[in-house]
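Note sheet for the following structure.
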Amino acid sequence: MQIALIGAGPRNLAILDRLIQKNPANHALTINIFDPYPIGGRVWNPYFKNNQTYLMNTYANQVTLFNDIDDAYDNSETAHLTSTLLSWAQTSALGFLNDHPEFPVAYREEIIALISMETYSSRGLMGVYAAWFFETISAATPSNISIRFRQTAVDDLIVANPGFNLITNDGEKFFADEVVYSPGHLDAVLSPAKKDLANFAADQGLHYYPASHPAENDFTALNENDTVLVQGLGLSFFDDLLSLTAAKGGVFLTKDDGSLQYQPSGHEPHLVIGSGSGLPPRSHGFNQKGPSQLYEPRFFTLKHLEKIANENKGHVPYQTFRRILDQELTYKYLINQIRLLADIDDQTREEILDFVKEPTNWPLVNTQYKLSLNTNISWENEANPTRDLTTISAYRTFFVKHLEEDIASAELGNNFSPLSGAYDILRDMRGTVRYLYNHRLFDEDDYQTLLTEFKYFDTQLSVGPPLIRTQQLLALIEAGQITIAGPNFSVSHDTTNFVATDRFGQKYLGSAFIEARLGRINFQSANSPLIKSLRQQGLITGDNRITNTDGTSLLSNTIKVDSVTNTVIDHNDNYVTGFFIAGIPLEGQQWFTTVIPRPHVKTIIFAESAKIVDAILYK
Ligand SMILES: Cc1cc2nc3c(=O)[nH]c(=O)nc-3n(C[C@H](O)[C@H](O)[C@H](O)COP(=O)(O)OP(=O)(O)OC[C@H]3O[C@@H](n4cnc5c(N)ncnc54)[C@H](O)[C@@H]3O)c2cc1C
């Protein structure tokens, strides 16, 4: 059997590992893996200079590539693990780098510093780990399986009945009986409005950086004479921030109290920063969790939610879902406040912890135990706290205070901090949300709310940057490198400058404009020859299985596949047997596809790989 894996990112590496694990001993298998970037893929490319300093936003002890879907789930902090990114860095990494001098020397220095569960790996080191993983599993592969990595893009796929013919970017042809295509985030074709911005920049000698993978931006043309309008305050923003400051020669110094001070080089451009919501997401708390350690919910359990669905014609109403989720967050917030109480003995603490197990006791706990716990928190307000601010000066004061409070909270840790510990359980409980979402346990009308309101809520609270990045942002603001703009930040141009405006009616002129975000996930506008050809052939089509109240399709930007096996469904609603698509182009049909595997928690990428490999090998 000939198998083609298009894309060499974590998803197809999980499929590869699973194929090796599951292929019968008497079955000959040839696997060709294609990607224009090295093994590990574009996000983790160790040869992009920026990836030597850009950080992952997942702790190194919580990342693995070894497909452990068959292994028992272990929620203990001391789960026996030998294969995380962190454990590799502490053991085999140096030997591997010695054997592979082609990798930049920066990674040798990094692994020496990557010593504990509180550390993040650079994205590039993740790419080196992927290379080691590939070498390791390839070396252990039995002789009936042959694996070849081909560093080129697949530009076309034609159904051969049986099987498929693939054409690569360098003109080679390959046959495959089965194909798995996991392309990750794809760049978008520039819309007419973006083309106008690009043309304007070219005509005026200004600089425009449309949404793309941040590590690929080259800001060498920007200097102290530029004012840069930066739109977006999410993870890409924090990447760009580093390139526009430290990479221009500035230095972050640690002060006595542990906070940072920025010492400019004088070659940094001035930055005007803003976004729709106006605030960056919350920082990840200092790590206190083991590789597989997940919070065990008391209220937001699958059993409880399925019971509600059974009582409601198979659906969990969104409002009920949010009420229970918010209840769980408040519970975690309360128990962490109680754990931090000084001046009480252990027995009383246990008594209070027992008392708050019952939500009806929450309003009574302060009187009962003479405490001043915050028992009534609005999580909606945590995610969207700026609504009542009416002037830019009040907003800027608030922005700085918000960062200071976020840093103080994150320093208490992702398990024990009242707020950051509560935000972090959104990550731990994502599997339950995904289960409800992917098994269509919500009302059709609620899917839109989940994709907009809830996505924003989840992202603002639990998909933030490493703490150090927020500390750096604060130091840059204090050093006068940054002007904070208000929410509803939008950018256009006049005859000579880029022009940004915000909710407070402020106007900012810039000589450069950076869209600090990835291209939107939408296969219809993807700038990929393969996607364009598949669309033209009608082999891929938008998912039409959930409709909006106005009758339009909610998921028309998402590629339609079978929800169990990921087999592609074409524009005539026929199965393209043997052709599977996985991952990010399915976002919306599936919940939260943009993740890296976490060890021993039946992580989504491994669970999905098991189903696809079953469909390939045992159909
Ligand atoms: C900048 C950035 C940072 C991220 N950081 C984190 C993080 O810290 N933690 C986390 O959990 N998640 C992170 N993510 C989410 C990320 O999507 C996942 O972690 C993971 O990489 C997804 O794996 P994948 O294999 O689906 O996609 P990818 O890793 O994106 O890999 C897909 C690969 O397919 C290749 N490809 C596409 N089209 C073709 C073609 N026609 N022919 C051949 N190859 C093709 C691409 O070149 C790419 O290498 C990040 C994403 C981005 C973009």
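Data table
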| quantity | calculated |
| --- | --- |
| Subset of region 509-541 [of a type outside the set (Gly, Ala, Ser), out of contact with any His (no Cβ under 6 Å at 6 or more places or on another chain), in contact (Cβ under 8 Å) with a residue 60 or more places away in the chain and assigned to a loop (DSSP other than H, G, I, E, B)] | Arg517, Arg520, Ile521, Asn522, Asn527, Gln537, Leu539 |
| Asn544 being of a type outside the set (Asp, Glu), part of a loop (DSSP other than H, G, I, E, B), at pLDDT below 95 and farther than 29 Å from Val43 by Cβ | yes |
| Of all residues making up region 525-546, the number that are over 11 Å from Lys560 (Cβ atoms) and touching a Lys or Arg at 6+ places or on another chain (Cβ under 8 Å) | 1 |
| Count of region 427-478 residues which are more than 15 Å from the chain's Cα centre (by Cα), closer than 20 Å to Leu233 by Cβ and among the charged types (D, E, K, R) | 3 |
| Residue within region 179-187 that is in the same structural domain as Arg535 (by TED's automatic domain parsing), more than 13 Å from the ligand (Cβ to nearest atom) and either buried (at least 17 other Cβ atoms within 10 Å of the Cβ) or more than 29 Å from Thr593 (Cα to Cα) (or both) present | no |
| Considering residues of region 146-161 that are more than 21 Å from Pro38 (Cα to Cα) and modelled with pLDDT of 95 or more only, the residue nearest to the ligand (Cβ to nearest atom) | Leu157 |
| Residue list for region 202-229, restricted to those being in contact with a Pro (Cβ under 8 Å, 6 or more places away or on another chain) and either surrounded by fewer than 12 Cβ atoms within 10 Å (Cβ to Cβ) or not in a loop (DSSP other than H, G, I, E, B) (or both) | Asn225, Thr227, Val228 |
| Region 511-569: number of residues that are aliphatic (A, V, I, L, M), within 15 Å of the ligand (Cβ to nearest atom) and within 21 Å of Leu450 (Cα to Cα) | 4 |
| Residue count for region 571-607, restricted to those that are of a type in the set (S, T, N, Q), touching a helix residue (DSSP H, G or I) at 6+ places or on another chain (Cβ under 7 Å) and buried (at least 19 other Cβ atoms within 10 Å of the Cβ) | 2 |
| Any hit, region 139-154, residues being in contact with a Leu (Cβ under 9 Å, 6 or more places away or on another chain), surrounded by fewer than 17 Cβ atoms within 10 Å (Cβ to Cβ), not assigned by TED's automatic domain parsing to the domain that holds Thr245 and not basic (Lys, Arg) | yes |
| Residue that is closer than 19 Å to Gly276 by Cβ and either away from the ligand (no atom under 12 Å from the Cβ) or of a type in the set (S, T, N, Q) (or both), where the choices are Leu242, Leu222, Leu229, Leu190 | Leu229 |
| Top-ranked residue of region 104-126 - restricted to ones that are assigned to a loop (DSSP other than H, G, I, E, B) and within 16 Å of the ligand (Cβ to nearest atom), ranked as surrounded by the most Cβ atoms within 10 Å (Cβ to Cβ) | Leu114 |
| Candidates Gly274, Gly258, Gly250 - the one that is in the same structural domain as Ala221 (by TED's automatic domain parsing), at pLDDT below 95 and either more than 24 Å from Val601 (Cα to Cα) or surrounded by 16 or more Cβ atoms within 10 Å (Cβ to Cβ) (or both) | Gly258 |
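The values are calculated or read from the model by the stated rules, or taken from the named source; none is laboratory data. Only a predicted model underlies this, so the values are computations on that prediction, with no experimental measurement involved. Don't worry about glycine lacking a Cβ; one is built from the backbone with ideal geometry, like all the others, and counts go over all protein chains shown.
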